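Report on the following structure.
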Amino acid sequence: MKIADKISISFFVTALVLTGIGASIFYATAKTILLESIDNRLTIALVSRVKHVKTYLRMLEISAGQFAQSSIVEDFLSVEDKNGLLYGKSFDKVMKRLARTKVVNSSVTEFMLLDASGKVAASSEKDSIGTDKSTDPIFLQARKKTFINDVYYSKASKEPLFAVSTPITNSVTGAFLGVLAEIINTAQLNAITTEDVGIGKTGEIYIINRSGLKITHPALEKDAFLKQVVATENAGSALGHFESGNAVSMREMPKVYLNHRGVRVLGGHAVIPEMRWAILAEISEREAFAPLIKLRIAFFGLLCMVPVVAWLIGLGVSYIITEPFYRLHRGIAIVGSGNLDYKVRIDTKDEIGQLSLVFDVMTENLKRTTASIESLNKEITGRARIENMLRESERKIRALFDQTFQFIGLMTIDGILIEANRAALEFSGIEASSVLGKPFWLGPWWIHSPELQEKLRQSVGKAASGEFIRFEATHVAKDGVLHYVDFSLKPVKDETGNVVFLIPEGRDITEYKRMEEENSKHMLELEVFYKASVGREERIIELKKEMERLKKESGRP
C-alpha cells in the first residue's frame, strides 16, 4: 500500500475513532445528566405531593379535633335523658352546626356524631341517624385517637370516600362521650395529584393503596375506581416498603418500565406510611428522552461528516509529504544504475530536504569510497590477522595462568574476584561460578577464620591504594587438611599510575613449615643432649679428681 493511501486512511480511521469515542462519551454524559434532571423533577414532584397530601390530611385531623372540642357537641352527647326537652334543644343546635359546617367544607359529604355505644346520634344526612356503627373502624379506631380510614367506594353516593374520625371526651372528667366522623370525597386528593408539577405533558401522578388499587387519577372513572390494579415494577417496589415494615417515606431513582397502559415510562415513587399509600409519578420515555433522540441524530451526522473531511485533508497532506519522496526515489534509482554524478537537490527546509542533502553527500562519498575498496579490503585482512594473533596470545596466557602450581587470581580494587586459576579452584574443590563476582574474603579459602577474613578485607583496601601486601595465611583443602600459604596482593596500575586491578597470589608452604618444625624439634633435642653431655663431662672430671684424692690417701700409685 502506498504511503499516500496509508496517510489518508490513517486520517480517516483516526477521525472516525476519535469522533466515535468522543460522541459516545458525550452521549453517555448527556444521558446521565438528563436522567439526573428527570430524577430531580420527579423527586421535586413527589416530595411536594407527599407534603401536600400530608398537610391536607393533617388539616382534616385538626379541623375534626377542633369540631370535636365544641361545647355544642359535648353538651349534646352529655345529655343522659334522650327524651327530655334539653336533649331536643341540644339536638337542634348540633344539627344546625353540622349543616353549616358541611356547607363551608365542600369536600365533606357528611358529618356524623356517634354516641358512646357507636350509634349515629346526629348527622348532616338525616337518613344516617340511628345507624349502628359500633363495629365500623371509624368508631372502633377513633375511641382513643384521631383515625383516618382508607378510601372506599360508597354505593349510596356512588363516589370514592374516606373518613376522618376523632374521639369526643368530657372536658372536665375526660370521660369518653362518642366519636365525630367526617366523610370526605377524594376530589381534593385528585386536585393535589393532578395540578401541574412540572414533569412534562405526559407526566402524571396518582395514588395507590396497600392493595395496589388506584384511589386517584387525572381521568379517574367512577366505575374503574378501586377496580384497576397497578401491577407495574414501580408499584411493586413502592408496596414492598410496606411489606418490609418500613415506616419512613421513601423514593427511588427513576426506572424505565411498562405502565398499566403498556406504555414505556420513567417513574419514581414515594410512600405515606401512616396511610399505607404510595404516590407514583410517571413520564413517558419518548418525551423524557426526546432531547437524546435529537442529540443522537446530530452525532450520527457528525460521525459521517468528520471522517470524510479528515480523509480529504489526509489526501492533501499525503501529496505534500510524498511528492519529495517520489523525487528522492527517482534519484536513488538513477544513482543505483551507476550514475554517481546525479544530485537530487530537494530545496526544502524540512527533514526531506535534509535527507536529500545527506543523500547527495553520501553519493559523493560513495564515489571516493569506491576508489579505495581495495585498500579497505587490505585493511580488513590486516585487522583479522591482528585479531587472530590477539586470540592466540589470550589462549597462551590462559594456559600459563592455569598450568602454574601457585594460586593466582584477578580481582577488582574493591575486592571482587573476577578470575581464579585452576590450581586455586581444585585446591578447594569448587567451580569458578561459585566464587567469581563475589568478595574474595567470602571465598572458601578464608571462611574458616574470621580473623583472616578481616585481615584480608583491610589488606585489599591498602593494596587498592598501591601498597604491596604479603602475609602468611592458612587455607583448608577440600580433604579438610589445613595448609600454610605464603599470600601476597600485588596492585596492577595503568599508564597513569592508577591501580586498576589486584593480583592475589598464594604459594603452598606447608612442607616447608613441616621441615622447619622438624628442624626446630631436632635442634631442641640436640640442645638438650648438649646440655646433658656438658653435665656428664663435669661429673667425670669431678670423679677423676675424687679418685686421685683416694689414691693419694690409700698410697696407691
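Nothing in this text is a laboratory measurement; each read-out follows from the coordinates by a stated rule. All values reported here derive from a predicted model rather than from experimental measurement. When we count neighbours, we look across all protein chains shown, and the Cβ atoms used for this are built from the backbone with ideal geometry, even at glycine.
Sorting Ile183, Ile272, Ile418 by the number of Cβ atoms found within 10 Å of their own Cβ, with the fewest placed first, yields Ile418, Ile272, Ile183. Our summary gives the stretch 404-508 a relative contact order of 30 percent, counting only alpha carbon pairs under 8 angstrom and 6 or more residues apart.
Taking other C-beta atoms within 10 angstrom as a stand-in for reagent exposure, His483, His522, His217 fall in the order His522, His483, His217, fewest first. Do any of Lys462/Lys493; Lys93/Lys158; Lys93/Lys126 go past 22 Å between their Cα atoms, and which? Too far apart for the 22 Å limit: Lys93/Lys158. Extension gain, Leu302 to Glu538: 0.36 nm times the residue separation minus the Cα-Cα distance gives 71.6 nm.
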